[in-house]
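In what follows, a structure is listed as structure tokens, so that the remarks can point back to it.
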Amino acid sequence: AVGYLVGQPGEGLRCMFHMMNEMRIGVGLGAAMLGYAGYEASLAYAKQRPQGRPMTAAGKDAASPQRPIIEHADVRRMLLAQKSYVEGGLALELYCARLVDELHTGDAKTEAQALLEVLIPIAKSWPSEWCLEANSLAIQVLGGYGYTRDFPVEQYWRDQRLNM
């Protein structure tokens, strides 16, 4: 087998981690997008799934139409949590991508490098963890259907788990 020296002798691991930085951003972006897919699927389901009737001053009227579950406070809370996790993850990834671009511009290079040294590990780990939570919430929004293969959210959760 042929081996190649990466960088200077004794500097290979440091060089390898430098090369992996953009890949770590990519993993975080993939995690954010899997979370976004789960959010979109659970949002669509919540808009069309009827359950329960609205309360009035006289109580519930059995003749009134059922309301979609998106009108239930706990479902709305779960959807808003999902949205905040996935949009926060996406914003972090886009900011890191901007910093990578700034590494190639003279004036902003030093500041961008310093920020990336701090943000790169976060750019992979934060969306991986919190967008997995977003997909857990997507499963909860769908109730028992969330665990079946009839809807894609269970697959999103399993795919997302690989990023951890």
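Every read-out reported here was derived from the displayed coordinates using simple, explicitly stated rules and does not represent laboratory data. Just so you know, these numbers come straight off a predicted model, no measurement behind them. Using ideal geometry, Cβ is built from the backbone for each residue, glycine included, and neighbour counts are taken over all protein chains shown.
Quick notes
- Sparse-neighbourhood loop sites, chymotrypsin sites (Phe, Trp or Tyr not before Pro) in region 1-88 - DSSP loop, at most 15 other Cβ within 10 angstrom: 4
- Considering only alpha-carbon pairs that sit under 8 angstrom and 6 or more positions apart, the relative contact order computed for the chain is 32 percent.
- From least to most packed, judged by other beta carbons within 10 angstrom and beginning with the fewest, 80, 116 follow the order 80, 116.
- Using the Karplus relation 6.51 cos²θ - 1.76 cosθ + 1.60 with θ = phi - 60°, the per-residue 3J(HN,Hα) values for region 48-60 come to 10, 8, x, 6, x, 10, x, 7, 10, 4, 8, x, 8 Hz, with x marking Gly and Pro.
- Going from the residue with the fewest nearby Cβ atoms within 10 Å to the one with the most, 2, 86 rank 2, 86.
- Only lysine pairs 8 or more places apart or on separate chains count here, and in the chain those with Cα atoms under 26 Å apart total 4.
- Of the trypsin sites (Lys or Arg not before Pro) found in region 95-164, the ones in coil according to DSSP and having at most 11 other Cβ atoms within 10 Å of their Cβ are 149.
- Here log10 I(q)/I(0) by the Debye sum over Cα atoms at q = 0.09, 0.13, 0.19, 0.20 Å⁻¹ was computed from the coordinates, and among (1) -0.26, -0.57, -1.34, -1.51; (2) -0.30, -0.63, -1.37, -1.49; (3) -0.45, -0.72, -1.07, -1.13 the match is (3).
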